[in-house]
Every structure is written in structure tokens, then in C-alpha cells.
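Take a look at the structure set out below.
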Amino acid sequence: MSKSRKIKEIILYGLIYICAAVAVVLLVGIIGYVLAKGLKSVNLEFLTTVTSVLHGTVGIAGNIVNTIYIIVITMLIATPIGVGSAVYLNEYAKPGRLVTIIEFATETLSGIPSIIFGLFGMMFFGQTMGLGYSLLTGSLTLILMVLPLITRNTQEALKTVPDSYRNGAIGLGAGKWHTIRTILLPSAMPGIITGVILAVGRIVGESAALLFTAGSGKALINGLSNLFPKMFQSGGSMTVQLYLSATSEGDFDTAFGIAVTLLVIVFLINLGTKALAKKFDVTQLK
Amino acid sequence: MNKKAIIEKTAQIIFLVCAVIAILAVCSITFYMIMKGTPALKEVGVLDLLFGRIWKPTAGEPSFGIFYIILASIVGTAMAVLLGVPVGLLTAVFLSELSSKKIGKIVSGAVELLAAIPSVIYGLIGMMILNPFMYMLEKKIFEGSSTHQFTGGANLLSAIIVLAVMILPTVISVSTSSMRAVTDSLRSASLALGATKLQTIFKVVIPAAKSGILTGIVLGIGRALGEAMAINMVAGGAVNIPLPFNSVRTLTTQIVSEMGYASGTHRQVLFTVGLVLYVFIMLINLILLKVRKGGDE
């Protein structure tokens, strides 16, 4: 090899290693910086009270509850629809125009930016359906957003279920619905759960789609009897509160405190999906 | 019909309905974007709106030109892609071709976590680290300038850097998996012919994984174009020509920062901004479809 080419190769190797290091350095830097700035804000009071001048407390409990509330409503509706859609595509539909259109629509849906979902949610659920700024409006909007995630993961999982299972069940006289319910869905469960966890992660990190749909209320639910009416009230998620704290409110202590909390949640979700993937990895079972 | 047949039919119909919801969602989003986005085009005039250079929505004689907003989105996205794609591609080369299993796991784990970090956190860090740094540069570069409007560091450059970081995970993960999918016989053949490892990677593996890499880039473009909150926090609050040290508004940040209080024509123009963004995203989706089809053949 000529000398100049050798030098070129060395430089290229150097660049490759530097670029690979960039991802790690960025992650470590971000985590380190957020922890250094935010850890002092996070304590029991921060996580369990609502910011109130009257009581002299600074806390994000209301935002945490709102986030959980949105996750629960969204997933309760999105999971059955997403799984149902995947079952239809994989088990019933014959390749043809309808399937192409459904798959294209799912693909398109996953490419739409969250701010567009936010605009649509505000116009359709908020104004046309009259739900205004509320946790329900936010949840309905997010359903559309996470639907493709669940559908795709379930579809992938259903594809890995061997055809012999289907033939065996049908051969034993089971109907299609019975086969789906007792054989296919249980076999595809790891994939479905992975999709659900990924969707939860997406919801936790979402902000643009919630700003103009769920609004920015901070109040806690007071009393169990208000659990249901809470749905129709405005409620800011943790991300929305972080945004407001860092911009209009100029309260960076709270912003970094929320950032720490969010990072911990994101980290746990990441570990969860990894553990699941490992546990159910077919190639490792053999 | 017996009971079993009824159950079977009902199940099938329910599953079909679930599948059709995705179509309904896309159709109604499209319908609403067009319905809400077009009135302002008529009211202000298509040319005045899309190519107008002056944005003064609340002035006595309001002006609703969004040309610089569109331009800022395009320039910001293009620069972020130019910055992020080479880094992402080389990282993908490392992950798929060079790394040992252990180090590969660390790097790809970091990439996964980067993808999972909420965009507001990127925005927050950009505000605290990038903006002050940019302000320092700004003060040096424009010292004594009477024409430059000082931004405190919230500028296009900050937005580009934040966007470049945010598209990295997409570019890396899609490129890596498409390079891994390249069959080993190609690599062996190239090495056997006397090519070095790097020559094999850049002359054989990357061309073979072309369509997957392209998919990653297009997905990255979509992500950069659609990102709202993070760049809203770092790009400043004024509509300007997209020059590196100017405060800029993009299609997304324009909506985020003004939808809360806008009314009348101003509000309708913001819907048009949304429509423009939607058209861009749909174009990207179509390109994506083409790229993927090209890969299948």
C-alpha cells in the first residue's frame, strides 16, 4: 500500500472512532449535566406536592399524575385498536389494495410530526367535539400518534408465530377467533408488550402534541370521586411543565428537576424493553 | 347462521374496523389541515402569504408573509442533515463493521437512549449550554456592528446543532441495520480480491446498503423538519432571514409560540403554516415510499 493511502486510511479510521465516541460522549454529557443541575431540586416534596405560593411548596405531583392519567387513557384505547389492526392485517386480510392502503396509512401516521397531531387534536377533539383543553383531548390525540407503534410491533410478533400453530389449531377444530384468542395473541404477547412500552415511552416524552390539547393545568385530583371528571379538565404533562418552566416561567430549578425525573423514567423504560427482548428472544431459547 | 359463525363474523368485522381507523385518521387529519389551512391563503393571497417577506401579524396594518419561516425550516433541516448524516453514517460503519461486541453494545445502547430522551430536555440543554456559547461568539463576531440585531445566542446555528444531534439516532440505527443486512460473501469477495477493510466498507458494503441508508436519511429529514419544542427553545423568537446568527422561526416553532394567543386572520395564517409543514411531510413520506420500493427490487 502506498504511503499516502495508508495515511488516508488512518485518518478515516480516526474519524470513524471519533464519530462513534460522539454518541457516547453526548449521552454521558447530557445525563451528567442534567443530574448536576437538577438533582438538588428533586426530593420528596418536589415529587409529592403541587407548586403553591400559599403553602410555600414547589412540586410537580400534579404533572406526574397528569402524565400517568394520559398514559392510562391513551393506552386503554390505543392498545386494542392497534392489536386488532395488526391481527386483521396478518390473519384475515388477503394481499390486495385494502392492505396496501392500510399499511400506507399506518406508515404515514408514524411519519406525521407531533405538532401536526397537536393542531389536529386541538381542532377536531378540542373544538369540533367540544372537549376543549382537557386530558381527554390530549389522550385522544396521542392515540393516533402511538397507534402505528403498537400495530407494527404486534404485526412483527404475529409474523414470527409459526404457521404450524395455526394449522394445528384449525385442524383440531378451533375457529379462527378461538385460534387468535387462545394461540396467536398469547404467542405474540412479548411483541405486544414491547409495543406498549415503547408507546408509553413516546407518551412520556411527548410535548408538542399536548401543549394545545391537554393544556397546562397543574392541580392534583382531589378525592377519588373526581377521578372521572378530571378527564375533562386541562392538565399539563411533565414535559409541558418543563417547557413552561424553562421559557415563560423562567424557573430553571423546576425545569431541571423535571428533566431528572424524566430521564429516570426513560431509563427504566429502556431497561424494561431490553429485559423483555432478552427474555423472549427466540434465538436465545434454543 | 349458527352461533359460532356469528361470533367469527363479528370478530372479523371488529378487527377490520380497527385496521380502518388508521385510514380514517390520516384522511381526517388531511381534511382538517386543508380545511383550516386554506382560508388564509384566500384572505391574504397565495403569493403575499407564501412569498411575503414581512411578518407583522399584530401591527395596525398587519402583514403575513411566511417566506422566511419556510426558508428557515428548509435551511435548518438541510444544514442539520449535512452535519448529522456523516457523523451518523460513520458511527453506523463502526457499529456494523468494526466494533467488538462489547463496545458495540455500549455505543448502540447510548444511541438508543439518545433516541428516547424527550425533546424538551434537548431544548433545555441547548438553552443552557449552546445559547450562552453562541452569544459569546456573537459578541466577538459582531463587535461594533450597528446593523446586527443581538439575539443573546438564540439563533439558527443553535437550532441546527440541536437538530443534528436529534436526528443522529434515526440515521445511525437505520443505517446500521441495513449495513448488517449486507451478506458476508460480498465482504469476503472484496477482501479476497485484495481490497483493504476500509475499501470494502466504502466501495462494497455502503453501496450495497444504499437504499437502507437513504431511508435513514429521509427519516432524519422528516424528524428534523417536524421537531418543534426543542428548537423553539433555542432558535429565538423573531422571524428573520435564516442566517447563522439570526433569531429564526421555523414552520413548527411559529405554531408553538403563537398559537396560544393568536386570533382572527393571524390564527388562520398559523393553520396555513401547519398546512405547509404537512405538505412537506407528505412529500417526504412519498419519497420514503419510493426509496423503500427501490430497495425491495
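Quick note: the coordinates plus some simple rules give every number you see, no bench work behind them. Just so it is clear, the structure is predicted and the values come from calculations on it, not from any experiment. Here Cβ is always computed from backbone atoms with ideal geometry, including for glycine, and neighbour counts include all displayed protein chains.
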Radius 11 Å from Cβ of A:R152, net charge of other residues (Lys, Arg +1; Asp, Glu -1):
-2
For the range A:113-126, Karplus couplings with θ = phi - 60° (6.51, -1.76, 1.60), whole Hz, Gly/Pro x
x, 5, 5, 5, 4, x, 4, 5, x, 4, 6, 7, 6, x
Need one value for B:224-230: mean number of C-beta atoms belonging to other chains within 10 Å of its residues' C-beta atoms.
6
Averaged over B:23-35, number of beta-carbon atoms from partner chains that fall within 10 Å:
5
Once you keep just the Cα pairs under 8 angstrom separated by 6 or more residues, what percentage relative contact order results for chain A?
25 percent
In nm, the gap between the two label points placed 7 Å beyond Cα toward Cβ at A:I101 and B:T10 is 2.7 nm
For the range B:3-296, build the charge dipole from Cβ charges (+1 Lys, Arg; -1 Asp, Glu) around the Cα centre, then report which of B:S257, B:L288, B:L225 sits farthest towards its positive end.
B:L288
Please give every one of the lysines within straight-line cross-link reach of B:K105, meaning a C-alpha to C-alpha distance under 23 Å, and leave out same-chain neighbours fewer than 8 residues apart.
A:K274, A:K278, A:K279, A:K286, B:K197
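For the range A:1-139, just say rounded, prolate or oblate: build the C-alpha gyration tensor, square-root its eigenvalues into a ≥ b ≥ c, call rounded for a/c under 1.5, and beyond that prolate if a/b exceeds b/c, oblate if not.
Oblate is the answer for the range A:1-139, as a/c is 1.5 or above yet b/c matches or exceeds a/b.
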Based on the mean of other beta carbon atoms within 10 Å per residue, what is the order of A:17-24, A:198-205, B:247-254, most packed first?
B:247-254, A:198-205, A:17-24
If R0 is 35 Å, what FRET efficiency do you get for A:K6 and B:R180 from their C-beta distance, rounded to 0.05?
0.80
The range B:80-159: which GluC sites (Glu not before Pro) are DSSP loop and have at most 11 other beta-carbon atoms within 10 angstrom?
B:E143
Quote the FRET efficiency, to the nearest 0.05, computed for A:F267 versus A:V50 with a Förster distance R0 of 22 Å and r equal to the Cβ-Cβ distance.
0.30
Translational D (Stokes-Einstein, µm²/s) of the protein assembly as shown at 10 °C and 1.306 mPa s when Rh comes from the Kirkwood sum over C-alpha pairs?
62 µm²/s
Comparing A:K94, A:K159, A:K218, which has the greatest mean-square fluctuation in the GNM of chain A with Cα pairs linked when under 10 Å apart?
A:K94
At 7 Å along the Cα-to-beta-carbon direction for both A:L35 and B:M136, put a label point, then send me their distance in nm to one decimal.
2.5 nm
Check which residues have an amide H placed less than 5 Å from B:F142's amide H, if you skip close sequence neighbours.
none
3J(HN,Hα) from dihedral phi, the range A:245-253, Karplus parametrisation 6.51/-1.76/1.60, rounded to Hz, x for glycine, proline:
4, 7, 9, 5, 8, x, 10, 6, 4
Charge tally in the Cβ shell below 14 Å around A:G121, where Lys, Arg are +1 and Asp, Glu are -1, A:G121 excluded:
0
Choose one answer from B:L95, B:L198, B:L275: the residue with the largest mean-square fluctuation in a GNM of chain B with alpha-carbon springs under 10 Å.
B:L198
With just the Cα atoms of the range A:195-252, tell me how far they stretch along each of the three principal axes, in Å, largest first.
34, 34, 18
With 10 Å bins from zero, work out the P(r) of the range A:44-285 over every alpha carbon pair and list the percent per bin.
7, 27, 30, 21, 11, 3, 1
Using the Cα gyration tensor of chain B, with a ≥ b ≥ c the square roots of its eigenvalues, what is the shape: rounded (a/c below 1.5), prolate (a/b larger than b/c) or oblate (neither)?
oblate
List the residues whose amide H sits under 5 Å from the amide H of A:T57, counting only those 5 or more places along or on another chain, with H placed 1.01 Å from N in the peptide plane.
A:S52
Computed Kirkwood radius, in angstrom, where 1/r is averaged over Cα pairs of the range B:5-134
20.7 Å
Would you calculate a helix-derived [θ] at 222 nm for the protein assembly as shown, using -39,500 (n - 2.57) for each DSSP H run of n ≥ 4 and dividing by the full residue count, to the nearest 500?
-23000 deg cm²/dmol
Are there chymotrypsin sites (Phe, Trp or Tyr not before Pro) in the range B:192-263 that DSSP marks as loop and that have at most 16 other Cβ atoms within 10 Å, and which are they?
B:Y261
Going down the table (B:K203/B:K293; A:K3/B:K203; B:K101/B:K210), which pairs top 32 Å between alpha carbons?
none
Give the relative contact order (percent, whole number) for the range B:1-106; include only Cα pairs under 8 Å separated by 6+ residues.
12 percent
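Express in nm, to one decimal, how much length is gained between A:Q127 and A:R181 on full extension, taking 0.36 nm for each residue of separation and deducting their alpha carbon distance. Walk me through the intermediate numbers first.
Working: separation 54, 0.36 × 54 = 19.44 nm, distance 3.85 nm.
Stretched fully, the A:Q127-A:R181 segment lengthens by 15.6 nm.
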Within 14 Å, Cβ to Cβ, of B:L270, how many net charges do the neighbouring residues add up to if Lys/Arg are +1 and Asp/Glu are -1?
+1
Computed from the beta carbon distance with a Förster radius of 56 Å, FRET efficiency for A:M189 and B:T58 to the nearest 0.05 stands at 0.55
Collect residues whose amide H, placed 1.01 Å from N in the peptide plane, falls under 5 Å from the amide H of B:F64; neighbours closer than 5 in sequence don't count.
B:K56
Go through the range A:98-109 residue by residue and turn each phi into a ³J(HN,Hα) via Karplus (6.51, -1.76, 1.60, θ = phi - 60°); whole Hz please, and just put x for glycine and proline.
4, 4, 4, 5, 4, 5, 5, 4, 4, 4, 4, 4
